[in-house]
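Let me begin by presenting the structure, written as structure tokens, before commenting on it.
Just so it is clear, none of the values below were taken in a lab; they were calculated from the coordinates. Because the structure is a prediction, the values reported are computed rather than measured. Here the Cβ positions follow ideal geometry from the backbone for every residue, glycine too, while neighbour counts run over all protein chains shown.
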């Protein structure tokens, strides 16, 4: 499953709003990021309506602090967002640096402040960094999710259910590259066996080049020193002799 980052923009100046939308679209397209602007508006109520209809998506909110003609300010909207989505990332746009103090008083904890009167290079660099930081946070959250394994290919972020993974195989002569063997999936990704085992305790190093998902082992053959992951014995990986005793203990514990 691909991890899409939804960008939501609140800005009452039409030119500024269109400028940010166009930049995000260009940047995500050029970097092949799974990032999209799902809403760009001057109406805070539309943003609240979006959240109430979909609280499960991943968001980055870019909010103008001052709104010329609205009952709700950007800061007040951020407070409401914090109640609905406590851990989401919020970036503030402002023409007045001193207004940043208000967000501290309200305990909103934004990811960043972007001054609108800065040069376009500064604004674009800030938005790029904020998108990257948010994508990295999403990946870290997914890594500690007990049901999913998160990984990255090029600049896109994905997850796969742990119960679909058979094993990981290190790639010869390549540092921090492994092959993910899973149900209907065979992928080379950036990672290493040690890191995978530290992140998810259900993986066991049965061989210096292989780490298996112990819950998916169907059968261990003590004569061939192999573990199998399907009834037809078509999906398997080797077991090092020195790992046999520990493997049997792990499998007995898993079956109990």
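Rounded if a/c is under 1.5, else prolate if a/b beats b/c, else oblate: with a ≥ b ≥ c from the C-alpha gyration tensor eigenvalues square-rooted, which is segment 184-251?
Oblate is the answer for segment 184-251, as a/c is 1.5 or above yet b/c matches or exceeds a/b.
Considering only DSSP beta bridges whose two residues both sit in segment 5-143, what percent are antiparallel, to the nearest 5?
Details: 0 of 21 bridges.
The answer is about 0 percent antiparallel.
So how tilted is helix 14-30 from the main axis of the chain? Cα-based, degrees 0 to 90, rounded to 10.
20
Note the angle between two axes, namely the Cα long axis of helix 44-53 and the longest principal axis of the Cα atoms of the chain, as a number of degrees from 0 to 90, rounded to the nearest 10.
The angle comes out near 20 degrees.
Per residue of the chain, what 222 nm ellipticity follows from adding -39500 (n - 2.57) for every DSSP H run with n ≥ 4, rounded to the nearest 500? The partial results should precede the final answer.
Details: 7 runs with 87 residues, N = 256.
For the chain, the value works out to -10500 deg cm²/dmol.
Which percent, nearest 5, of DSSP beta bridges in the chain are antiparallel? Before the final figure, lay out the partial values.
Values: 31 of 52 bridges.
Around 60 percent antiparallel, to the nearest 5.
Using only Cα atoms and rounding to the nearest 10 degrees, what angle (0 to 90) does helix 244-255 make with the longest principal axis of the chain?
Between the helix axis and the principal axis of the chain, the angle is about 60 degrees.
Order of 236, 167 from fewest to most other C-beta atoms within 10 Å? Present the calculation step by step, with values, prior to reporting the outcome.
On the way: 236 21, 167 26.
Least crowded to most crowded, the residues run 236, 167.
For segment 5-143, what does the alpha-carbon gyration tensor say about shape, rounded, prolate or oblate, given a ≥ b ≥ c as the root eigenvalues, a/c under 1.5 as rounded, and a/b over b/c as prolate? Write out the running numbers ahead of the final one.
On the way: a/c = 1.35, a/b = 1.10, b/c = 1.23.
Rounded, since a/c falls under 1.5.
For the chain, what is the relative contact order in percent, using Cα pairs closer than 8 Å and at least 6 residues apart in sequence? Walk me through the intermediate numbers first.
On the way: 402 pairs, mean separation 30.8, N = 256.
The value is 12 percent.
Can you put 109, 191 in order of Cβ neighbours within 10 angstrom, beginning with the fewest? Mind showing how you got there, number by number?
Details: 109 13, 191 18.
Ordered from fewest to most neighbouring Cβ atoms within 10 Å, 109, 191 come out as 109, 191.
Compute the separation of the alpha-carbon centres of segment 145-200 and segment 217-256 and state it in Å as a whole number.
When both Cα centres are located, 20 Å separates them.
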